[in-house]
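What follows is a single structure, written as structure tokens, with notes after it.
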Amino acid sequence: MNILRPGQDGYTEEVAGFQTAVPSSPAAVVAAESAEDVGAAVRYAATHGLRVAVQATGHGLTDGTDGLLISTRRMAGVEIDAAARTARVEAGVRWGAVLEAAGQHGLAPLSGSSPDVGVVGYTLSGGFGLMARRYGRAADHVRALDVVTADGDLRRVEPGSDLFWALRGGRDSFGVVTAIEFALMPVRDLYGGSLTFDSADVPTVLRAWRTWSAAAPDALTTSLAMIPYPDLPMLPEPLRGRHVAQVRVAYLGEDGDDLVAPLRAAAPALLDTLRPMPFTESGSIAAEPRQPHGYHGTNATVSQLNDAMLDALLEHAGPGAATPPVLIVDRLGGALARPPQTPGIDWDRSAEFVVRALSVIGEDGVAAVRRAHAKLFGALAPWTTGRLLPFVYGEHAPEEVAEGVFPARDLERLARLKTAYDPRDTFRPAPAVATH
Ligand SMILES: Cc1cc2nc3c(=O)[nH]c(=O)nc-3n(C[C@H](O)[C@H](O)[C@H](O)COP(=O)(O)OP(=O)(O)OC[C@H]3O[C@@H](n4cnc5c(N)ncnc54)[C@H](O)[C@@H]3O)c2cc1C
């Protein structure tokens, strides 16, 4: 087991992740290479009275640690069973590696917008991906998990097990997942990309997208982003200094151009990147930043998107807003509204949209961002039905992370399982049971 302490060579690099606004100073970090290393690390933490935290990529951090950090980035094994249409991957694998490996067999995973995000952290958070309306959440298609529990033992858990139920949505309160097995979909290509519209057209496009996406087939997963681009020379000319609306499209059908015709007619596009593409290139649809930075984010699932809500989105996040975040509205429904084959944590399936706000932490600090987000989500409160764990970013207290994420009945079951599997709170209380 390779264990690094503050001041030792490699410690800082091992602790660093994509999110730079969540300071972490663990007493030690274990650069795990295997499930055995993870087991040894958990036993070491128990002996030394340290709480255990896990990091694969640092995309989803919500709090730092002063205990023992297990870094899984070296656990990079990917196995594809093309006949069974499944993948088995180790804890440090990012979606990009699965896209490539599965793509060679004409298969695709239920990955999300960014190929840099970790498979395990994403899936244990629920996993709302580019084919979500067609196939549902990634968590609903997990076949088995290998997990090291608080006693340091490695267990394989499958449907029917309490721990299997809790981990797929409860994320990191119950153990360290060392490998995950999940279904792949028979998808080689998709029609995808985005249409970007100028500031003056944002209100029109927002309304046009709402109408257009209401009639969407399940084969279409789509979101609308409002993005305030700074006036910086490294940005492409059509975007620089503009507050744009960007409609993102991932469609599993042959008639993509016909499908998006009403959107193309809504307003003149500054940029149009829509095209048929191999699924392996699906990371280009949202083309998210790949450089580590500090950001803060939260979200709300909502039952509808009425005119009053659209006005609130424009006021707090549109062109002219005082502290505008990147705002993303995803159309839910389709398979997301139906119960999965393998029961999981019962998140609200009636919600029609999720509204997400994400702000880069600037000179005014995180307090200004929190205030701006509070105003935005306060305006949506009458229609808010819950919150999605994966889209909670940056420093949040454990009870704040969990707020609105779990239904009361599930929280009780999660709390019982926490007591059964981690009676000494080796793994942090967040997010599953912190509000209990
Ligand atoms: C640019 C970007 C794009 C994204 N796009 C999407 C998207 O399209 N759909 C979506 O649903 N989500 C998306 N997310 C959210 C993402 O799924 C979550 O932030 C996820 O938790 C990231 O997991 P990670 O392992 O990469 O990050 P990390 O920060 O390393 O881990 C995040 C959390 O997962 C836990 N975790 C990680 N590995 C393990 C393990 N082996 N065992 C137990 N717990 C573990 C950690 O304890 C931590 O709490 C996106 C995030 C970013 C920053």
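Per-structure values
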{"item": "Residues residue 215 and residue 420, FRET efficiency given R0 of 56 Å [Cβ-Cβ distance, rounded to 0.05]", "result": "0.75"}
{"item": "Nearest-0.05 FRET efficiency for residue 258 and residue 284, computed from C-beta distance (R0 25 Å)", "result": "0.70"}
{"item": "Descending semi-axes in whole angstrom, ellipsoid equivalent of region 315-436, from the Cα gyration tensor", "result": "29, 21, 11"}
{"item": "10 Å-binned pair-distance histogram of the chain (Cα, whole percent)", "result": "5, 22, 32, 27, 12, 2, 0"}
{"item": "For region 3-71, alpha-carbon Rg over 2.2 N^0.38 Å", "result": "1.01"}
{"item": "Contour excess over end-to-end distance, with Cα ends at residue 229 and residue 272 and 0.36 nm allotted per residue", "result": "13.8 nm"}
{"item": "Long-range Cα-Cα pairs in region 189-400 (distance over 20 Å), rounded percent", "result": "59 percent"}
{"item": "Potential extension, residue 322-residue 43 segment - 0.36 nm per residue separation minus Cα distance", "result": "95.5 nm"}
{"item": "Sorted peptide list for 207-218, 45-56, criterion being average Cβ within 10 angstrom, highest first", "result": "45-56, 207-218"}
{"item": "Full-stretch length increase - residue 303, residue 2 - with 0.36 nm per residue and alpha-carbon distance subtracted", "result": "103.5 nm"}
{"item": "Computed over region 227-321, the ratio Rg/Rh where both radii use C-alpha atoms and Rh is Kirkwood", "result": "0.97"}
{"item": "Selection of trypsin sites (Lys or Arg not before Pro), region 251-339, meeting DSSP coil and at most 11 other Cβ within 10 Å", "result": "290"}
{"item": "Cβ crowding within 10 Å averaged over residues, with 17-26, 390-399 ranked highest first", "result": "390-399, 17-26"}
{"item": "Residue-averaged [θ]222 nm for the chain, counting only DSSP H segments that reach four residues, each worth -39500 (n - 2.57)", "result": "-7500 deg cm²/dmol"}
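Here, each number is a calculation from the coordinates, and none is a lab measurement. Since the model is a prediction, treat every value here as computed from it, not as a measurement. Virtual Cβ from ideal backbone geometry, glycine too; neighbours counted across all protein chains shown.
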